[in-house]
Amino acid sequence: MRFLFFQRRGGSVAISRALLVLLLAQILCGSMCAAFADQAPQPDPAGAATGDKNSVVDAAGNPFVVPEPTDPTSPDYAKNKKAFDEFQAQAAREPLALKLADGVGHDRIGTNFSWTLLTGYLVLFMQAGFALLTCGLVRKKNAAHLMMLNFAAYVFAFLAYYAIGYAFQFGAVAVNASPANIGGAQTLNHFLIGSGQWGFLGGKGFFLTGPAYDASSNCLTLFEVVFMETAGYIIVGAICERITFWAFLLCELFVGGLLYPMSGCWVWGGGWLSQLGSSMHLGHGYVDFAGSSVVHSVGGFCAMALALILGPRLFKYGPDGKPRAFPASNIVFVVTGTFVLLFGWMGFNPGSTLGATDLRIAVVAVNTNLAAVAGSAAAMLLWYRLFGKPDITMACNGMLAGLVAITAPCAFVSPTASVIIGVVAGVLVCLGVLFNERVLKIDDPCGAISVHGYCGWLGAVALGVFADGTYGAGWNGVGATAYLGKTGQGVTGLLHGDWSQFVVQLGGATLLAIYAFGATYVVFKAVNAWRSMRVSKEVELEGLDVPEFGMLGYPEDAVQMLSAGSQSPQRAV
């Protein structure tokens, strides 16, 4: 104002008026922007405002609040407008009902928070299962190496996911896939690459700051980061006993920060694959309930690329080219680890409802267990038939194969279909292990490529075959009122009348496999050309425990060897 007054005194009235207009326009624009910001979703770190009358639904999922219709050209506009007006009138007569509804909505979200977080803790415990399983399947001289890889996978992949991975995956989740059961995370609403139904990469929530510093968003973060970590653990089983520690850490940063979050955005973050039902009229879009492809197939085919780059372990193949078996060092660990994983899977699949108020969790839990035991039985009996004796390690891999394959369709199929899917997975994992080892010459010490890669692909495709339409009405924004001419029709597969769902599942699962393998191979082929990712021959022969980590997993074995080779065992100790 002092500047304007000075100009007036100087006689430049026109200039001062122009400046006054600009100032007023700036004030007006600032006020409008502030008003718009106030209307935009705001983060709720305390959780006090998360869950209100808008979160209340009945048993069929019908909302308590009737939304105002916005499209006058809609054929149902008059009916919807009447329902809205009646709701508004009733709300005006009974204001106490709205206050009660706010409390009910908050409690509903709180219940679902508890369920989601508890099942996330179960999935986190799967890390112990992977550690025991992989450690038991390899040679004792590399036991500490295996434990360090499993431990470091959680540490470094989590940091990468916190910094950029979560934002890439869920930075636009509110655009098309708002997780309503836990409050919606409405502040995550921007694609970094793409927009609308063709989003490719989320763009909000880096370092869990700003719009991601929200109770609903953090609930989602905890649950989703343990899924990402599962993809990170998968690669351990295929590249162990020969990879350097620095190279492994680079692999985990890649998985946690880039590879997994990008594909996760396409399917779970509201991205383009999930929207193919709306954009291309292909079923309900690409569907993967708990991650057969998003987690397991991506991790498995990433592992395949890394195993090819590293090459087989020393002496895995003889001069005649035939594979040699390296027996598991601890069968107790293998079996215990498998059951720990089965237990964790009770969080993995049922927890993916993100809500205890979704009673489909009972069906999901039963389907998950049935596929697991069917897969184990099939693998056990097939191996018995092929080699004359059942193999406990393959029986365990068969159980994991059934679990992986049912993870995508578990909410959409019947118990009988789950058994069929488990049996097919149990057979596939056995044939896949033999195919990789004998034909492709890929050395995969723990069978991770077959268990997670092949059976993950199978699970996503099986959804397109066996989904029976009893669950998933409105999934990915398709069929909220009617689908295939039926009210309440959910995700439906080929055997129940929707060929387009099979097409999108087959194409989507194959695309994710190619993406995971191709992206990993290109990146780490270049890394390996710059600096070898593999330990030296001398280190591999000795075992990676001491050269890479400075300690033995079983130091008593070294003491016994020294004692046996010394004339004075006491002095050798």
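Annotation: extensible slack from LYS389 through THR357 equals 6.9 nm (criterion: 0.36 nm per residue apart, minus Cα-Cα distance).
Short to long, the 10 Å bins of the Cα pair-distance histogram for the range 119-259 hold 12, 38, 29, 16, 5, 0 percent of all pairs. Taking label positions 7 Å along the Cα-Cβ direction at both ALA163 and LEU250, the computed distance is 1.5 nm, reported to one decimal. Just to confirm the number: angle between the C-alpha axis of helix 95-137 and the first principal axis of the chain, 0 to 90 degrees, nearest 10? Roughly 20 degrees between the two axes.
As a test of the formula, what do you get for the chain when each DSSP H run with n ≥ 4 contributes -39,500 (n - 2.57) and the sum is divided by the residue count, at 222 nm and rounded to the nearest 500 deg cm²/dmol?
Numbers: 22 runs with 332 residues, N = 573.
The per-residue figure over the chain is -19000 deg cm²/dmol.
Within the shell of other residues whose beta carbon sits under 12 angstrom from the beta carbon of PRO95, the net charge comes to +1, with Lys and Arg scored +1 and Asp and Glu -1.
Peptides 42-49, 292-299, 392-399 ranked from most to least packed give 292-299, 392-399, 42-49, packing being the mean of other C-beta atoms within 10 angstrom over each peptide's residues.
A Cβ-based charge dipole, computed about the Cα centre of the chain with Lys and Arg at +1 and Asp and Glu at -1, lands at about 1000 debye.
Starting from the Kirkwood radius over alpha-carbon pairs of the chain, derive D by Stokes-Einstein at 25 °C in a medium of 0.890 mPa s and give it in µm² s⁻¹. Before the final figure, lay out each step's value.
On the way: Rh = 25.9 Å.
In µm²/s, the coefficient rounds to 95.
Scanning the chain for trypsin sites (Lys or Arg not before Pro) in DSSP loops with at most 11 other Cβ atoms within 10 Å, what's the longest stretch left with none? The partial results should precede the final answer.
Working: sites that count: ARG324, ARG531.
Here the longest run is 1-323.
Potential lengthening of the chain between VAL527 and VAL366 amounts to 53.6 nm, from the contour at 0.36 nm per residue minus the alpha-carbon distance. When only the Cβ of Lys, Arg, Asp and Glu is charged (+1, +1, -1, -1), the dipole of the range 94-244 relative to its Cα centre reaches about 640 debye. Fewest neighbouring Cβ atoms within 10 Å first, the residues ILE239, ILE442 line up as ILE442, ILE239. Fewest neighbouring Cβ atoms within 10 Å first, the residues VAL236, VAL104 line up as VAL104, VAL236. Computed from Cα positions, the angle between helix 555-564 and the longest principal axis of the chain comes to roughly 10 degrees.
Taking the convex hull of the alpha carbon positions in the range 67-189 and averaging its projected area over all directions gives 11.9 nm².
Each value in this text was obtained by applying a stated rule to the coordinates, not by laboratory testing. Quantities reported herein were computed from a predicted structural model and do not represent experimental measurements. Please note: Cβ atoms are built from the backbone with ideal geometry, for glycine as well, and neighbour counts cover all protein chains shown.
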